[in-house]
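Just so it is clear, none of the values below were taken in a lab; they were calculated from the coordinates. On a predicted model such as this, the values are computed, not experimentally measured, just so you know. Because the Cβ atoms are built from the backbone with ideal geometry, glycine has one as well, and the counts that use them run over all protein chains shown.
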Amino acid sequence: MGTLTDRGLKAMKPGEWCSDGGARGSGTLAARRGKGEHVLFYFRYTDSTGDRGAIPLGEWSGSGGPLSLKAARERADELSRRYLAGQRDLGDILRDEEAEARRRREAAERAEAEMQVRNAASLEALMHAYVAQLRHRGKASASAVASAIRRHLAEGNPRLAATPADDVTPEDLTELLAPLMAKGKTNEARKLRSYVQAAYTAGKRAPRDPTAVPELRALRIARNPADEVASVGHAMVMRERALSLDELRAYWRRIEAMPDPDGALLRFQLLTGGQRVEQLGRLVVQDLDHEAATITLKDPKGRRATPRRHVLPLLPAALDALNAMTAPGLGPYLFTITGGESGAVYSTVQHRLSRVVAKMLEAGELPGGPFTVGDLRRTVETRLAEAGVSLEIRAQLQSHGLGGVQARHYDRADYLSQKREALKLLARLIGAEKPDGPMARALAGGVTKHRRYLSS
């Protein structure tokens with residue numbers, strides 16, 4: 001038992017030292033009162049050079065500190081055993097140990113932080129960042145990629161969606177694609193693989209790409225597992241389905257009788273010549289010229305620095321359909337089923353179309369079988385070609401563009417009159433010609449505020 005007691009510690013004077021008893025040459029527990037009530041414990045010893053050292057142990061609990069006399073003795077006994085074992089320079093040894101412990105703590109904290117970042121950088125996060133990049137660059141494919149993420153990852157495979165992007169293996173991606181292949185959805189599987197591969201490529205490049213969106217740069221993607229996944233077919237299987245004129249007319253009668261805005265959505269897509277849904281979905285009020293009865297689509301396809309303007313005339317029936325899709329005070333989008341709050345996407349249009357197709361099949365109106373939105377686009381071009389519309393005008397109407405230096409750089413004609421005549425011909429072919437609709441009368445009478453979206 002040492003000579004230090006709680007009573008003795010309490011009676012110490014400021015600056016006074018008191019020591020416990022103990023064997024000589026083994027170090028000792030000591031206490032010193034500082035200013036006021038504070039009493040600090042030390043382990044005192046002689047180092048290898050003969051100098052006296054004092055290792056702070058903590059503040060005595062009797063003066064408000066955390067360390068009791070008993071605990072101080074236990075700590076001093078531990079240091080004494082180390083001292084007797086040959087660790088004469090205990091102060092230096094403890095400082096080294098503390099430094100090493102601090103390095104380990106900091107390393108563990110960094111590893112934990114990196115793990116949190118890694119976990120946050122999930123495959124789903126990578127894909128969403130890639131979509132943000134596509135939208136930032138005005139790419140029409142953004143909506144298709146976002147839809148694929150939702151269906152195949154967020155809803156279809158949440159485990160893989162939550163997996164850190166750098167932990168995803170080629171085997172994981174193979175398992176993602178396999179169910180689609182088993183169902184015969186080869187094109188869908190091919191597209192999904194392409195989306196994932198492109199997202200990883202963009203993520204790897206992002207830290208060195210000043211044009212990359214911040215969400216993508218923040219992920220720090222290191223590898224691309226999709227590179228090791230076998231290709232799912234090098235090209236899309238070319239579809240050849242084009243509706244006959246009778247089928248197309250039956251389709252028009254169906255959507256003409258549909259309640260709006262669903263019916264208006266499908267009518268507008270057809271009456272504008274089978275335009276790409278992605279482009280129609282981006283239409284806002286500012287893209288409508290009510291005096292000229294035209295809309296301006298933005299075509300970002302390809303590697304254009306800026307989207308190509310695609311000006312399209314609107315027939316009276318198309319203007320009526322446009323009016324039927326919007327609602328006062330809701331939002332600016334024109335091609336919509338939400339009154340203008342958001343633009344319609346491909347899956348929305350295809351879903352509405354599929355319900356029409358099902359009824360037509362049941363009624364025996366489709367001897368050629370079911371069709372898709374893309375088939376409608378092909379149908380319009382096919383039927384116009386049969387009616388004598390030139391390849392050049394069909395290309396301009398559907399924004400295929402024309403090849404060659406002259407067409408790309410020098411031909412700035414908008415072909416509005418030719419497009420309008422082609423659309424009039426289409427309307428006559430399907431039985432949709434509407435020369436004196438309410439919108440046509442409004443425009444002819446100079447009314448500029450007939451509908452919300454015509455107001456300035």
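Brief remarks follow.
- Within segment 43-71, being charged (D, E, K, R) and touching a strand residue (DSSP E or B) at 6+ places or on another chain (Cβ under 9 Å) holds for Arg44, Asp47, Arg52, Glu59.
- Looking only at residues in segment 328-359 that are out of contact with any Asp or Glu (no Cβ under 9 Å at 6 or more places or on another chain) and farther than 26 Å from Ser141 by Cα, the one that is surrounded by the most Cβ atoms within 10 Å (Cβ to Cβ) is Ala358.
- Segment 142-172 - residue that is free of Cβ contacts under 8 Å to residues at least 24 places away in the same chain and in a loop (DSSP other than H, G, I, E, B) and, of those, surrounded by the most Cβ atoms within 10 Å (Cβ to Cβ): Asn157
- Considering segment 173-257, the qualifying helices (runs of 4 or more DSSP H), each wholly inside and each with 2 or more residues that are polar (S, T, N, Q), run over 186-205.
- Flag for Ala321 being in a helix (DSSP H, G or I) and buried (at least 17 other Cβ atoms within 10 Å of the Cβ): yes
- Of the residues in segment 94-114, not one is over 30 Å from Thr163 (Cα atoms), in contact (Cβ under 8 Å) with a residue 40 or more places away in the chain and not small (Gly, Ala, Ser).
- Of the criteria (1) free of Cβ contacts under 8 Å to residues at least 40 places away in the same chain; (2) touching a Gly at 6+ places or on another chain (Cβ under 9 Å), which one Asp47 fails: (1)
- Among all residues of segment 53-66, there is none that is loosely packed, with under 11 Cβ neighbours inside 10 Å and of a type in the set (Gly, Ala, Ser).
- Within the option set Leu270, Leu216, being within 23 Å of the chain's Cα centre (by Cα) and among the aliphatic types (A, V, I, L, M) holds for one residue only, Leu216.
- Candidate set: segment 10-50, residues that are surrounded by 15 or more Cβ atoms within 10 Å (Cβ to Cβ) and of a type in the set (Gly, Ala, Ser); chosen: the one farthest from the chain's Cα centre (by Cα): Gly22
- Figure legend. Inter-residue proximity from segment 367-381: first residues over 13 Å from Gly273 (Cβ atoms), second residues assigned to a helix (DSSP H, G or I) and among the charged types (D, E, K, R), beta-carbon distance below 7 Å, spacing 6+ or different chains. Indicated pairs: Gly368/Glu247.
- Exactly one residue out of Val349, Val356 is closer than 26 Å to Gln286 by Cβ, touching a helix residue (DSSP H, G or I) at 6+ places or on another chain (Cβ under 8 Å) and not in a loop (DSSP other than H, G, I, E, B), and it is Val349.
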